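First comes the structure, then the notes that go with it.
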Amino acid sequence: VVSGAGLSAASGIPTFRGAEGYWRVGSREYRPMEMATQAAFAHMPREVWRWYLYRRGVCRAAAPNAAHRALARLEASFGEAFALLSQNVDGLHLRAGNSRRATHEVHGNIDHMRCVARCSGPLVESIPEDLGPWPKSRALDDASFARLVCSRCGGPTRPHILWFDEYYDEALYRAGSAVEAAAACELIVFVGCSGAANLPWMAAEAAQRAGAQLVDIDPEPNPFAQMATERGGWVADAADRVLPPLVEALIESSTPAPPS
């Protein structure tokens, strides 16, 4: 399963490229695609952190929806045969019950931070619990900013998020493993994916080469819908309505019939 922002929309989390608004720094307004960059962090780390702490609060206030819960049930039934490639950083798949083994958070997780210098300490660690939810209008004070440091070396940290001006990384995001899982699958299901990111395309192409069936679930036309129409099916509906019955059908079809 490849999940995108459309899957979390029913949980109240705005899609990243949707009408999310702008982030004001002084007299200038920045688009989300400008804030989520290594360049912005190098120029104004405190403001980037403030934006991510605010977004983290939005994600934490949301709850897994029926689509998240259905995918957790699918993993519970299929076990090692199930893999989840998620572009979402909200952590809702894990909160719904999907395992860290099966869940490839290829764009990171907004609850985590990591050492800028990539020292010998933890690869990633949790952001301090009491730093949030951060009000949109509140500046990031010195004391709070000083707590966003590596527990090993005491150096600065950054959000554990893949930014627009960065590359996928296996050690940090398990990106290669996600594509390998797609290359070995019999069925790949895209849910709420716009097709703007590169890794879902790599997964789709790997699955196609393996002869897998492809299903796309999205109420809007998108690049994966055409692929699915040719090798499976496009379901033009919301994920929280479609996934629960689809999962039940998959589980039922994979369950051996009782002996007669």
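The values are calculated or read from the model by the stated rules, or taken from the named source; none is laboratory data. Please read all numbers here as calculations on a predicted model, not as lab measurements. We work out accessible area using only protein heavy atoms, side chains counted, and drop any ligands, DNA or RNA first. Shrake-Rupley method; radii C 1.70, N 1.55, O 1.52, S 1.80 Å.
Quick notes on this one:
- Expressed as a fraction of 2.2 N^0.38 Å, the C-alpha radius of gyration for segment 1-84 is 1.39.
- Anisotropy class of segment 59-142 from Cα gyration tensor, a/c 1.5 cut: oblate
- Over segment 38-101, relative contact order from alpha-carbon pairs under 8 Å, at least 6 apart, %: 35 percent
- Residue ranking by accessible heavy-atom surface, 1.4 Å probe, largest first, among Y54, Y22, Y167, Y173 comes out as Y167, Y22, Y54, Y173.
- The helix-only estimate of mean residue ellipticity at 222 nm for the chain, built from DSSP H runs of length n ≥ 4 each weighted as -39500 (n - 2.57), is -11000 deg cm²/dmol after division by the residue total.
- For the chain, the fraction of 1.4 Å probe accessible surface lying on carbon and sulfur atoms is 54 percent.
- Length added when fully stretched, L187-R31, from 0.36 nm per residue minus Cα-Cα: 52.5 nm
- Beta bridges from DSSP with both residues in the chain: antiparallel share about 40 percent, rounded to the nearest 5.
- Rg then Dmax, both in Å and based on the Cα atoms of the chain: 19.3, 75.
- Taking the chain and dividing mean pair separation by its residue count, relative contact order in percent (alpha carbons under 8 Å, at least six apart): 21 percent
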